[in-house]
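Working notes, beginning with the structure itself.
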Amino acid sequence: MDLAFSEEDLAFREEVRAFVAENLPADVSEKVRRGQAVGKDDIQRWQRILYDRGWAAPSWPVEYGGTGWDATKRYIFEEVLSEGDTPEIIPFGVLMVGPVIYTFGTDAQKERFLPKILTGEEWWCQGYSEPGSGSDLASLQTKAVRDGDHYVVNGTKTWNSSAHLADWTFCLVRTSSEGKQQEGISFLLIDMTTPGIEPTPIWSIDGAHHLNMTYYTDVRVPVENRIGEENKGWTYAKFLLGHERNSIAEVGLSKQRLRRLKSIAGEERSQGGALSDDADFTRKVADAEIALTSLEYLNLRYLAEEAAGRPLGPETSLLKIRGTEIRQQLTELTMEALGYYAVPFELEQLTDRWNEPPIGPEYAAPQTPQYLFSRAATIYGGSNEIQRNIVAKMVLGL
């Protein structure tokens, strides 16, 4: 791979930087910079701005509303967005179900769903994990029984990020109990306003409501909302998981966190000087930066493979493993840098309801919630233990 950027690439970087500077709403940028809660409306506004520019789905083919960019331009775009304090686009629509729909869906499904995913008008959540089926996803038990031109769905999904905000969910359901577990699963698109769907909050360790337990009771789903063939959903699920593993590396987000960590270290004091001058601490930061740079190049390799028409395989589990470990490493170092300023934990500081002076430096308030939530990163999206098993078996052949 030629790692030198061309003049065209450098010009594109400046084009994206100028676009972000001119079009990102100031109030949204300020929320991101200060680590405040970024709401659904904020993210939808930014997604619509990207859509109007034609940049809503960098990895999608042009014929479905994507950019047609190569791996280099997609990398530059992500890099610039992370530099510019832009809100993180919720991945379930653009990065996950969208590629499944344009790859395996019918023309009617593409026409119905893809435009509103691009604009951000419709939000999606993921219905994969169940109380007894997390990393062992093939053991799921939520059932869908055919009744004429509908499926009747009963069961429970858990760890549903944003299910309380979502308009639609893509859901794995069991349509047959015969043969291997993987052979009886189907992939359904379900309207979250359908009677019988009840998301209930799961309050995570950071004190916020990101997650849900979602109950399905006699939920009627049109058969036309099934992706592909009945009982072949495991094929589509594996395709989607490949895209999720690629995005879950979160290189841009980690680079943003690294910049914040360095900024905080420049403000905090140690032995009469700046913490950034402390040799032991800077060594730890350098170790994290080296690990992140290595992950970045690995991610670029996989993007280049994908751009060359070679589908991503089980090796993308490496991105999930290292990406989440580095995320935890950076949040741990940030807590270390803050010292006792990390102790106050008042979620309201990150909302418009807080009318008191900040407890400690302004930059301290969001760090404890981010640290706490990052503890789950090595579990969600398939635990890292399971990912190592995948690498051992399917990549190394052990």
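The values are calculated or read from the model by the stated rules, or taken from the named source; none is laboratory data. What you see is a predicted model, and the numbers here were worked out from it, not measured in a lab. Virtual Cβ from ideal backbone geometry, glycine too; neighbours counted across all protein chains shown.
Here are the numbers for the structure shown:
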quantity: Selection status of Leu333, aliphatic (A, V, I, L, M) and at pLDDT 95 or above; calculated: yes
quantity: For Arg260: the one exception among (1) basic (Lys, Arg); (2) free of Cβ contacts under 8 Å to residues at least 40 places away in the same chain; (3) within 29 Å of Asn299 (Cα to Cα); calculated: (2)
quantity: In segment 256-309, the residues that are in contact with a strand residue (DSSP E or B) (Cβ under 7 Å, 6 or more places away or on another chain) and over 21 Å from Gly360 (Cβ atoms); calculated: none
quantity: Filter pass, Ile89 being touching a Gly at 6+ places or on another chain (Cβ under 9 Å), in a loop (DSSP other than H, G, I, E, B) and under 30 Å from Ala364 (Cβ atoms); calculated: yes
quantity: Residue list for segment 256-287, filter: under 21 Å from the mean Cα position of the chain (by Cα) and either closer than 14 Å to Glu336 by Cβ or buried (at least 16 other Cβ atoms within 10 Å of the Cβ) (or both); calculated: Gln256, Arg257, Leu258, Arg260
quantity: Members of segment 316-341 found to be farther than 26 Å from Glu306 by Cβ and of a type in the set (Ser, Thr, Tyr), listed by number; calculated: Thr331, Thr334, Tyr340, Tyr341
quantity: Residues that are under 17 Å from Trp203 (Cα atoms) and among the aliphatic types (A, V, I, L, M), drawn from segment 351-392; calculated: Leu372, Ala376, Ala377, Ile379
quantity: Residue check for Trp55: at pLDDT 95 or above, closer than 21 Å to Asn299 by Cα and of a type in the set (Phe, Trp, Tyr); calculated: yes
quantity: Residues of segment 137-162 satisfying the condition of being of a type outside the set (S, T, N, Q) and touching a residue at least 60 places away in the same chain (Cβ under 8 Å); calculated: Leu137, Ala138, Ala144, Arg146, Asp147, Asp149, His150, Tyr151, Val152, Val153, Gly155, Trp159
quantity: Residue list for segment 100-128, restricted to those being closer than 19 Å to Asp52 by Cβ and either in a helix (DSSP H, G or I) or hydroxyl-bearing (Ser, Thr, Tyr) (or both); calculated: Leu114, Pro115, Lys116, Ile117, Leu118, Thr119
quantity: The lone exception for Lys116 - which of (1) under 22 Å from the mean Cα position of the chain (by Cα); (2) surrounded by fewer than 21 Cβ atoms within 10 Å (Cβ to Cβ); (3) in the same structural domain as Arg174 (by TED's automatic domain parsing); (4) under 19 Å from Ile190 (Cβ atoms) it fails; calculated: (3)
quantity: Conditions (1) modelled with pLDDT of 90 or more; (2) assigned to a helix (DSSP H, G or I); (3) polar (S, T, N, Q): number failed by Thr67; calculated: (2)
quantity: Scan of segment 1-29 for residues that are in a helix (DSSP H, G or I), over 27 Å from Asp167 (Cα atoms) and not hydrophobic (A, V, I, L, M, F, W, C), ordered by number; calculated: Glu7, Glu8, Asp9, Arg13, Glu14, Glu15, Arg17, Glu22
quantity: Filter result for Gly228 (within 30 Å of Asp107 (Cβ to Cβ), in the same structural domain as Asn384 (by TED's automatic domain parsing) and either hydroxyl-bearing (Ser, Thr, Tyr) or touching a residue at least 12 places away in the same chain (Cβ under 8 Å) (or both)); calculated: no
quantity: Filtered residue count, segment 8-28, keeping only those that are of a type outside the set (D, E, K, R), under 14 Å from Glu83 (Cβ atoms) and without any contact (Cβ under 8 Å) to a residue 40 or more places away in the chain; calculated: 2
quantity: Qualifying residue in segment 334-345 (condition: farther than 30 Å from Asp27 by Cβ, under 21 Å from the mean Cα position of the chain (by Cα) and among the acidic types (Asp, Glu)); calculated: no
